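Let me begin by presenting the structure, written as C-alpha cells, before commenting on it.
Rule-based calculations on the coordinates, nothing more; no lab input. Keep in mind the model is a prediction, meaning the values are calculated, not measured. Here the Cβ positions follow ideal geometry from the backbone for every residue, glycine too, while neighbour counts run over all protein chains shown.
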Amino acid sequence: MPGRFFLTRPMSEIAQALNVRCDVDLQPPRKNIQPGQELIVLTAHGLTPMRWGMIPVGRVNARGRPVMETIINARSETVFDKTAFDGVGRAVVPVDGWYEWTGEKRRKTAWRIASANGSPLFFAAITDSWQAPGGLRVDQFAAVTCPPNADLEPIHHRMGVLLDPADIQTWVTGTEDDAKALAQPWPDGLLQIEEASDVDWSGP
C-alpha cells in the first residue's frame, strides 16, 4: 500500500489525461510526497487540493468508540461497511507512482513503482472534511487498498486500488456497488518496479 507518492509530470498533463480543466495552482515536481502533505485529487467537482490523511474527528468504530489514529489508507474489503467511514466521498489520486520498502530496520530497501508504459497511475481514494480549530476546513483523503497482484506480492501484502481511466468516473460518481466492483488488484505485468536509491527522503 502506498507509503509515499511521487509526481513529477506537470499537472496540466494530468488534467489532459483525465479530460478535465486545470484550474489548480501548478506544483513543482515532487519525488517524495508524504502523508500529511497536500496533493491534487479528482472529485466530482474537478481537480482540488486535499490533505493525505483523514483526521477522524467525530468518527467511531463498530463498538461506538472514537477512531483515534489518522487514516492514511483504508481497506477496500471494509471501507464501505465500517461505521468509521459513514458518509465519506470518493476521489481519484493521480500520481506517477509510489514507494514501498522491504527488509529489516536500518537495512530497508526502497522500491519505486510506476506504470510500465510511463502513463500516470490513478489511485482510488475516499474523502472527508475536517473542521479544524478556528473554523478552518481541511479537505482530506485516504487511499483505498486491496490485496497485491503478483508484481507487488514479493514487496508488500497490500497495494493501492488502481483505476483504469475508463473506470474513473464510475469510482467518483457511481453507485457503491459499482465502486466495490472496481476495488481489485491491478492486472499483472503493467507495473515497473526498481530500486529507489536516488531519493532524498527528507526532501520534497
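In order along segment 179-191, the Karplus-derived 3J(HN,Hα) couplings, from 6.51 cos²θ - 1.76 cosθ + 1.60 at θ = phi - 60°, round to 5, 4, 5, 8, 7, 10, x, 5, x, 5, x, 9, 10 Hz, and Gly and Pro are given as x. What nm distance separates the two modelled labels at residue 117 and residue 48, each placed 7 Å from Cα along Cα→Cβ? Placing both labels 7 Å beyond Cα along the Cβ direction yields 3.1 nm.
So what is the calculated 222 nm ellipticity per residue for the chain, using -39500 (n - 2.57) for each DSSP H run with n of 4 or more, over all residues, to the nearest 500 deg cm²/dmol?
Details: 3 runs with 21 residues, N = 204.
Value at 222 nm, helices only: -2500 deg cm²/dmol.
For residue 31, the lysines whose Cα comes closer than 27 Å to its Cα, not counting residues fewer than 8 places off in the same chain, are 105, 108.
Ranking request for peptides 8-20, 119-131: highest mean number of other beta-carbon atoms within 10 Å first, then the rest in descending order.
Details: 8-20: 14.4, 119-131: 20.0.
Packing proxy ranking, top to bottom: 119-131, 8-20.
The charge dipole of the chain, taken about its Cα centre with unit charges on the Cβ atoms of Lys, Arg (+1), Asp and Glu (-1) only, comes to about 720 debye. Spin-label model, residue 184 to residue 129: label points 7 Å out along the Cα-to-beta-carbon direction sit 3.5 nm apart. Inter-label distance, residue 75 to residue 175: 2.6 nm, where each label sits 7 Å from its Cα along the C-beta direction. Each Cα pair under 8 Å and six or more residues apart adds its sequence gap; the mean of these over the residue count of segment 4-195 is a relative contact order of 20 percent. Which Cα, out of 133, 73, 155, lies furthest along the positive dipole direction of the chain (beta carbon charges, K/R +1, D/E -1)? Of the listed residues, the answer is 133. Going by a ≥ b ≥ c, the root eigenvalues of the Cα gyration tensor, does the chain fall in the rounded group (a/c under 1.5), the prolate group (a/b larger than b/c) or the oblate group? It comes out rounded by the Cα gyration axes.
Exposure proxy for 191, 42: other Cβ atoms within 10 Å of each Cβ, ordered fewest to most, give 191, 42. Relative protection proxy for 105-115, 150-160, from highest mean packing down: 150-160, 105-115 (other beta-carbon atoms within 10 angstrom).
Taken over the Cα atoms of segment 87-149, the convex hull encloses 154 Å³ per residue.
Evaluating 6.51 cos²θ - 1.76 cosθ + 1.60 at θ = phi - 60° for every residue in segment 150-158, the Karplus couplings come out as 5, 5, 8, 4, x, 9, 8, 8, 9 Hz, glycine and proline recorded as x. Close amide H contacts of residue 27 (hydrogens built in the peptide plane, cut-off under 5 Å, sequence separation of 5 or more or a different chain): 11.
If I take R0 = 41 Å and measure r between the Cβ atoms of residue 195 and residue 86 in this structure, what FRET efficiency does the formula 1/(1 + (r/R0)^6) give, to the nearest 0.05?
Numbers: r = 41 Å, r/R0 = 1.00.
Taking R0 as 41 Å, the efficiency between residue 195 and residue 86 is 0.50.
Extension gain, residue 27-residue 106: 0.36 nm per intervening residue step, less the Cα-Cα distance, totals 25.2 nm.
If we sort 173-186, 88-101 on the protection proxy, mean other Cβ atoms within 10 Å, highest first, what's the order? All intermediate terms of the calculation are to be shown ahead of the outcome.
Values: 173-186: 14.7, 88-101: 21.6.
In descending order of packing, they fall as 88-101, 173-186.
For segment 76-117, relative contact order (Cα pairs under 8 Å, six or more residues apart, normalised by length) works out to 28 percent.
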